[in-house]
Each structure stands twice: as C-alpha cells, then as structure tokens.
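Participant: Pasting a structure here, questions to come.
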Amino acid sequence: MAGTGPAPGNAAVATAPEPVPVPVPVPVPVCTVCGRVESVRTVQHAAPATGVGAVAGGVLGGVLGNQIGHGGGRTAATVIGAVGGGYAGHTIEKRTRTETRYQVSVRMDDGRLRTVETRTAPPIGKPVTLQGQVLKPADGRV
C-alpha cells in the first residue's frame, strides 16, 4: 500500500486569496460660494450731507450775529455767525443722518471666513451663498 500523503512530485500548493479591490472614496466637491452666517455686527455710517443743515445753520447764525453786533462790528458778527452756524448745521446734519448697516461674517464650506456688509441682518447659523459681495439665503427665501 502506498503512503497516505501526496506523491512527492505532486505536493499541494497553497494559493493566496485574490486581493479584494478597496473602493477609493471619491472626494465630494466643496461648494465654494456656500456657507453659514457666523456673526453679525451693527455698523453706523454717516449718510451724505445734503447741505440743508449748513444753509439753515448759516442763515440762523447770520441772523443771530447781526442782532448781537453793533455799529462797525455788526458786519463782522454777522459773517462769524453765518460761518459758525453753517459749520454747526453741517455737523448736526451729519450726526442725525446715519445709516445702519450690518457687517456679516460667513464661514464658507471650504473653511474660509468672509465678511460682507448688508442692509439687513440675517440670523446667525443661516445657510447662505456669497458671490462677490452679494449675500443670499441658500434656500432662496429672503
């Protein structure tokens, strides 16, 4: 009777299992104009002066200067009152004509932090798109 193992020339060869291909994750494209509102800060800007304050102040200052001055000093008092009143009127107009704006910081989906100034304040955390200096709600609603 022959031996119980394989014949010497026919030794069993162990084969390694075939490698299983590992799926390579496909990078998801990041939206470069998408982000979320991170902070909102109120900013006051002086609106352009119309000149009404300077004119009104100048007229009022001139009238008061004219009433205060006597004789030859009346002309000088009128001029000084008009100039002082014009300056005061212009300054008062600039202070009363302010415009409220909002400085909005947006954390973009790609990690950048961008800041834009808007007329309305969006809620913090709101998804938005930011193209150039134009901020829009990501859902299309205002």
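Participant: When the residues of segment 81-104 are narrowed to those that are at pLDDT below 75 and either in contact with a Leu (Cβ under 6 Å, 6 or more places away or on another chain) or among the acidic types (D, E) (or both), which ends up nearest to V116 (Cα to Cα)?
Facilitator: Going through the qualifying residues, I end up with E93.
Participant: Quick check: anything in segment 12-26 under 25 Å from the mean Cα position of the chain (by Cα) and either over 30 Å from G85 (Cα atoms) or at pLDDT below 70 (or both)?
Facilitator: There is no residue in segment 12-26 that is under 25 Å from the mean Cα position of the chain (by Cα) and either over 30 Å from G85 (Cα atoms) or at pLDDT below 70 (or both).
Participant: Between a first residue in segment 75-94 that is closer than 18 Å to H45 by Cα and a second residue that is of a type in the set (S, T, N, Q) and crowded, with 16+ Cβ neighbours inside 10 Å, which pairs have beta carbons less than 9 Å apart while being 6 or more apart in sequence or on different chains?
Facilitator: none
Participant: Still on this structure, please answer the following. Just to verify a result, which residue in segment 35-51, among those that are modelled with pLDDT of 70 or more and of a type in the set (A, V, I, L, M, F, W, C), is nearest to E93 (Cα to Cα)?
Facilitator: Taking the candidates together, the pick is A46.
The values are calculated or read from the model by the stated rules, or taken from the named source; none is laboratory data. This structure is a prediction, so every number in the text was calculated from the model and none was measured. A quick note on method: Cβ atoms are made from the backbone with ideal geometry, for glycine too, and the neighbour counts reach across all protein chains shown.
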